[in-house]
Every structure is written in C-alpha cells, then in structure tokens.
There are 2 protein chains.
Amino acid sequence: MITLKQLAQELKVSVSTVSKALSDSHEISAETKKKILALAKERNYIPNNTAVNLRRKQTKTVGVVIPNIFNHFYTKILHGIESEAKKSGYKTIITISNEKLQDEKESLEYFSNGSVDGILLAPSDETEKYKKIDHFLELRSKEIPFVFFDRFIDELPCDKVIIDDFDSAKNVIHFFEKNGMNDIAVISSIKNISTGKLRKQGVLSANKNLKIVELESEINLQDKVEELLKKEKVNAILCLDELSGVITLNIARKLKFKIPKELSIVSFNQGILSKYSFPRLTTINQHATQIGRESFQLLLNRLQDSKLEYQTKVLKTSLKFHKSTKNTL
Amino acid sequence: MITLKQLAQELKVSVSTVSKALSDSHEISAETKKKILALAKERNYIPNNTAVNLRRKQTKTVGVVIPNIFNHFYTKILHGIESEAKKSGYKTIITISNEKLQDEKESLEYFSNGSVDGILLAPSDETEKYKKIDHFLELRSKEIPFVFFDRFIDELPCDKVIIDDFDSAKNVIHFFEKNGMNDIAVISSIKNISTGKLRKQGVLSANKNLKIVELESEINLQDKVEELLKKEKVNAILCLDELSGVITLNIARKLKFKIPKELSIVSFNQGILSKYSFPRLTTINQHATQIGRESFQLLLNRLQDSKLEYQTKVLKTSLKFHKSTKNTL
DNA sequence: ATGAAAGCGCTAACAG
DNA sequence: CTGTTAGCGCTTTCAT
C-alpha cells in the first residue's frame, strides 16, 4: 500500500503538499498539482481509510442490525439502505440479531467503538417483547445517532420509519366486506412484534367478530390453520405476514378449497414467497426498499444536525391484486 | 467517547500503563491493574477501533461481495460467513454487485483502501460471462487475499469453496432412470454462471438425450416450460436452480399434471421458495451456511499464512426427498 | 506556494 | 513495574 509519504519522498516535496494537491487545494500551484496527481495515479494511490477516519473522527460508515437475514423483507430494506448510503459515500456494515436481545446488544456495543457514525436497526423480537431500552439509551449517552425501521418501541422517542400497519390491515377487512365476504379469518405468526400488534388492532377496529389465529412463530401454524378451515365457515382470510399467507394457501389447497371462488386470501408481503405461490397471492406491498432508503435519509439528517426533532415517517402500503382474491367491485 | 488519555489523567498514570493494564500485561502490578480496570469499566471505556486498526495495520474486518441479496442462498452463505467471522473476532462488511462487473470492481476498489484484511466473493454473472480477471489480479498485486465461494473463474488459480455440482446433477439423472423415468427434462435459468454450466455437464454425462430448456434468467422461463410440457412427453424434471423449480412446479400444476404420479420434479435448492411450495419440492440441498463458514476459514488460513498453496474445497450436496418426487426404490 | 509541526487514539520498543 | 517516546497515515494550522 502506497502512502502520502512515499509519494512526497519520490517527488521531493512535503507530505502536506501532496495531501493538499490531492484534495485540489487552491494553495498549491497548478504545476505541482499536475505532477503529484500524475504520480498518484501511476502508483495507484488510495488514501488509507483508517488513517482518514482517525483524523476526521468519522467513519462514513453506518451500522445496520437486522433481526433476521432469512427474511426477504429485511434484505430488501438492506438493499435500500446500502444503495442509498453508497450514493452519499457511506459504507454499510451489517450485523444480524437473530431476534435475540443479547445479539442485538453485542452489535450495538461493537458499533459503539467508533466503527460507525450512526446506526439503523429493527429491534429484535425479544427486545420488543420485554421492552428493553437500556442499550438504546446508552447509545444516546454516547451520542451515536440511531434510526429504527419497520419495528419500534413505543416507550422510546426516536427517529423511525414504519408503514401504516393499522390502516392497511383495516382496509383489507373493509374490502372483504364490501365484496360480500363476511366469514373472515385473520392469521398471524408475528404476535409479539409491533407490526403484528398494530395489524391486529387494525383488523379489530374494522370488525370485532373475526376469527383470529395468532402464534409467536410459524411453528404449529400449519395445524392451527387446518383446524380452523375444517371447523369454521370461512370465505376470506387476511394473513398478517407472508409465511402465514403461503402456509394458509397451501393448506387451503390441500383441503380442496377453490381459490378464489370459495376462499379469498390476502397476505402482508415481506418477500419473494408470495410471488411464486400458486395461485399467486394478493399482497399488501410494503415497499421495503423505500423503507431502507428513507431510513438512511433520516439518519443522514440527524448526522448533519443532531438537534433535530425526532421524526416518524409512515409509509403507505399498496394492495396488489392477484389470483388468490375475488374482486367484484 | 472516553479515551486512554482521559483514563490516564484521571488516575495520574501514563497512557501506556493504562494500555498495558487493559490488555492484562504481566508488566503491570495487580493493584494498578485493578484500579485501572475499575475506572475503565465505570467510564464504559471501549478502545477506539479506528486507532487500533491504524496502529496494528489490520482491521479485523472481512469484505464480502455477493451478486444478489435477494437470493436466499447467498444470504445463507452470508450468515455462515458472519457467524464464523464473529467467532474469530472479525467483522463483516457486505456489498452487493447486482450481477454487474462494474459494481463488483467498485466494491473491490473500496475494500482496497485498507478497510478490510481480506475479501470473500462470488463473482458476478457478467464477470463470469466475460471472464474478467484484471480486478482480481490487482487485488493480488496489492496483497489483499480473497476467496471465491459458490462461483469461480477457471482461469484464475485461487482459494475457493464450491459444491460438487457436476456429480449432484448427474446423480439425479441416474436416480430418475433407476426409478423407471426415462423422459427426462432439465430446466435452467442460470445458463451463464459456472454452477449452471457444471450442472449441465453433469446431467449430460449421465445421459446425452435429455430435453434441455436453458435461459440466462427466469424471464420467459414460464412460457418455455409451458411449451415444453405441452409438446413433449416428460415424466421427470431436474431444475438446475430453485426459481426454475418453483416455476416449473406451478406450470405443471396449472396444466393439471398429477405430481408426483405423472411427473416427478427435483430442484437444486437455494433458499426458502422450495420449502413452502406445494407439494413440497424434492431438493438438492447445498448447505449454504457451511459454504459460508468454510470460505471464511479458508480466508483466515491465508490471512495467517500468505504462502499457502491455493485450496479448493468441494462440499457435498444431499438429496432431500419431498412430495414432488416418486421414489420406488 | 510550500513546509513544519501537531495530533487523531492507540501500541510497543526502550529506558529508567 | 512504570513512563517516555516514536509512529501508524492522514489533515490542518501556522509559519515561512
């Protein structure tokens, strides 16, 4: 790795002259600049990132903690963050909490050692469940800005980017009803997390008499759904997460329901599963990439001005109709 | 952010004493150590990562370039890398090439500024197609070690971790034949990439007379498969990538094929799609997490000894039977 | 227009 | 056992 010093020696000028020339300072004569630039190019000089960071006291890097990398929704958000960060000359370091509070804490601790200028995260399942916020407060005491995306903790005022879960869910119930489907079930495998709760509140605000199957994860979901479909009269189902959507669809087909004639299914969409389901699921599109982009922008704003008021961006969803839903309107 | 200097001042000792105490040096008396450790803990001292890196001339960070973050297979590899790296005290920086040569080059260039100690990557589709290796050679001239995973470039001797694509594919054809299925088709949407080519060679080594549908991406695949199934007599299909698998399954069901009675389907497995297909696809499991882990280990070995011979690790796949395949053996 | 010097926070060789 | 000093590679202030 070639350094400023080596360039300086070779040209018999001082290190500071080289440094200034490379940053196109007006202090340096055009001639000297040209000479220096030429050699730098020839030698393939790249400034040592670590040294620059140490000197500038900033890393031009953001840290991201996602709860689960196997969830396509989060990888899409990641993509949004990464591409947006790149545009502004920021790098992205990614860690995964695996929905564990402990892993999340460790990530934040690591990020706190000066590795990043700011943090983007969706709190883990555990963090939300136990409403743990100490580790976030510590971040704040260290003056490391952070932004929540997708999930958040009510008790903690902060910057966040979320979707309008409540309304999105409510509207689907209204849609079913307007289409004459009144035996409605709601299925969720994300009972604990904030988005799951909001969606549930949304459906209940539309109709108090829904059949609800709710679990903390997709384990056993298959059996519960089968039981529901066998015992109850149902002609419309809203699934609050994509895995529930696909599982419900498959169970319904196994039980020989005619879809969408006898049974309409709509699902919140987190990824790629619904796209390749058969028949293709009608989904509530969450625009994950945009969530990522907006989150990064929010962080960037705060990086530039730490005194800003905390901001919450709520993104709208869109209902994308496919073959799993009857639509007579 | 609290520094060594501040701790030193507060305790009226020198910076180096504090530094040594915190690294538990035998040079420091037990008493002084205790005092220093206590204050460090109280003040929540964390060594500044950037400074340590600059001093040590290493970053304890590896850079990863994946072609596509929407492919579950790569996120699994990522998970393997990240968790293994973490165990060895390494951080992971992730970039995405989007299958573009240019993006890949930019990532490597960025990594070359001293941000990482080594690099793990799967070359982009374009890189493989045009057999571009200049940017890898430049890495080598800068003495930054790198390891390929999943995909590789024949022309470049290097460390790599791959699966036994050739044999895995061949064996499935043999399996079909032993089960009396002789009208076999092979479907692929990964024509360009090394794994796709190897798998194709594998099936051809088993049987030269297969019906092959091969595309560069999944665009138009649907139509091509439909055409095949309508025109040709087929009772067994091997899909060389998961997307082909799921698409083929759905088309076959749309055309009312009885699966697996009339048609058996086996697919290479990259992710989560096949798991939630209906009926569930029989898959060739590629143990992605292990690919990630082994890749990191290979890189770690080279980081420790740059003189090692280049190594190629070939991981075995396993055939996981599900309902999409008839198995009479 | 150029250079000398200080310093970011840390480690480590060397001196005492 | 503790401290002094130098230096990683860079930027920036101040002097010339």
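None of the figures in this text is laboratory data; all of them are computed from the coordinates on show. Computed from a prediction, not measured in an experiment: that's the story for all the values here. Backbone-built Cβ (ideal geometry, glycine too); neighbour counts: all protein chains shown.
Here are a few things to note about the model shown:
- In this structure, B:Asp164 and B:Lys57 have a Cβ-Cβ separation that, at R0 = 45 Å, corresponds to a calculated FRET efficiency of about 0.70.
- Largest-first principal axis extents, alpha carbons of the stretch B:234-329, Å: 58, 26, 18
- Share antiparallel - DSSP beta bridges, chain B, percent rounded to 5: 10
- Put a dot 7 Å past the Cα of A:Glu10, heading toward its Cβ, do the same for A:Glu106, and the two dots end up 4.4 nm apart.
- One quarter of the convex hull surface built on the alpha carbon atoms of the stretch B:12-51 amounts to 3.0 nm², the projected area averaged over directions.
- Rounded to the nearest 20, the size of the Cβ-charge dipole of the stretch A:222-315 about its Cα centre is 420 debye, with Lys and Arg at +1 and Asp and Glu at -1.
- Where only DSSP H runs of four or more residues are counted, chain B gives -13500 deg cm²/dmol as its mean residue ellipticity at 222 nm, each run worth -39500 (n - 2.57).
- Taking only the C-alpha atoms of the stretch A:170-329, the Rg (one decimal) and the largest Cα-Cα distance, Dmax (whole number), read 17.2, 59 Å.
- Alpha carbon centroid spacing (whole Å) that separates the stretch A:134-168 from the stretch B:22-72: 27
- Cα gyration tensor shape of the protein assembly as shown, rounded if a/c is under 1.5, else prolate or oblate by comparing a/b with b/c: oblate
- Label zone (A:Tyr310, point 7 Å along Cα-to-C-beta; backbone nitrogen cut-off 15 Å) within the stretch A:148-164: A:148-162.
- Nearest-first distances (nm) between copies at B:Thr32, label 7 Å from Cα via Cβ: 4.5
- Around the Cα centre of the stretch A:105-181, unit charges on the Cβ atoms of Lys, Arg, Asp and Glu (plus for the first two, minus for the last two) sum to a dipole of about 120 debye.
- Residue of A:Asp183, A:Asp24, A:Asp165 that the Gaussian network model of chain A assigns the largest fluctuation, springs spanning Cα pairs under 10 Å: A:Asp24
- Simple Cβ-charge dipole of the stretch B:89-235, Lys/Arg +1 and Asp/Glu -1, about Cα centre, in debye nearest 20: 560
- Cα convex hull of chain A - mean projected area over all directions, nm²: 21.0
- Approximate spin-label separation A:His26-B:Thr328, in nm, with each point projected 7 Å along Cα-to-Cβ: 8.7
- Between A:Ser318, A:Ser83, A:Ser29, the residue with the greatest mean-square fluctuation in the GNM of chain A (Cα pairs under 10 Å linked by springs) is A:Ser29.
- Position B:Leu329: other-copy label points at 5.4 nm, ordered by increasing distance, label point 7 Å along Cα→C-beta.
- Among B:Phe148, B:Phe268, B:Phe257, the largest mean-square fluctuation in a Gaussian network model of chain B, built with springs joining Cα atoms closer than 10 Å, belongs to B:Phe257.
- Other residues whose C-beta falls under 15 angstrom from the C-beta of B:Leu204 contribute a net charge of +3, scoring Lys and Arg +1 and Asp and Glu -1.
- Residue list for the stretch B:37-67, given a label point 7 angstrom along the Cα-to-Cβ vector of B:Ser217 and an amide N cut-off under 15 Å: B:67
- Given A:Lys208/B:Lys275; A:Lys60/A:Lys129; A:Lys211/B:Lys326; A:Lys191/B:Lys41; B:Lys57/B:Lys105; A:Lys191/A:Lys231, the pairs whose alpha carbons are separated by over 28 Å: A:Lys208/B:Lys275; A:Lys60/A:Lys129; A:Lys211/B:Lys326; A:Lys191/B:Lys41
- Comparing A:Leu204, A:Phe149, A:Asn68 along the charge dipole axis of the protein assembly as shown, the residue lying farthest to the positive side is A:Leu204, per the Cβ-charge model.
- Of the beta bridges in the protein assembly as shown, as assigned by DSSP with both residues counted there, near 10 percent are antiparallel.
- The stretch B:240-276 and the stretch A:298-324: distance between their alpha carbon centers, rounded to Å: 38
- Cross-linked pairs B:Lys197/B:Lys313; B:Lys5/B:Lys35; B:Lys170/B:Lys197; A:Lys224/A:Lys261; A:Lys320/B:Lys224; A:Lys258/B:Lys233: Cα-Cα separations exceed 20 Å for A:Lys224/A:Lys261; A:Lys320/B:Lys224; A:Lys258/B:Lys233.
- The same position A:Lys100 in the other copies lies at 3.7 nm from this copy, comparing label points 7 Å beyond Cα toward the beta-carbon, shortest first.
- Cross-link reach is defined here as a Cα-Cα straight distance under 16 Å, omitting same-chain residues fewer than 8 places apart; for B:Lys230 the aspartates and glutamates meeting it are B:Asp183, B:Glu262.
- Each of A:Arg199, B:Arg253 has some number of other Cβ atoms within 10 Å of its Cβ, and from fewest to most they run B:Arg253, A:Arg199.
- Charge context of B:Ile247, other residues only, Cβ under 12 angstrom, K/R +1, D/E -1: 0
- Selection from B:Asn53, B:Val15, B:Leu281 lying farthest towards where the dipole of the protein assembly as shown points positive, charges on Cβ: B:Leu281
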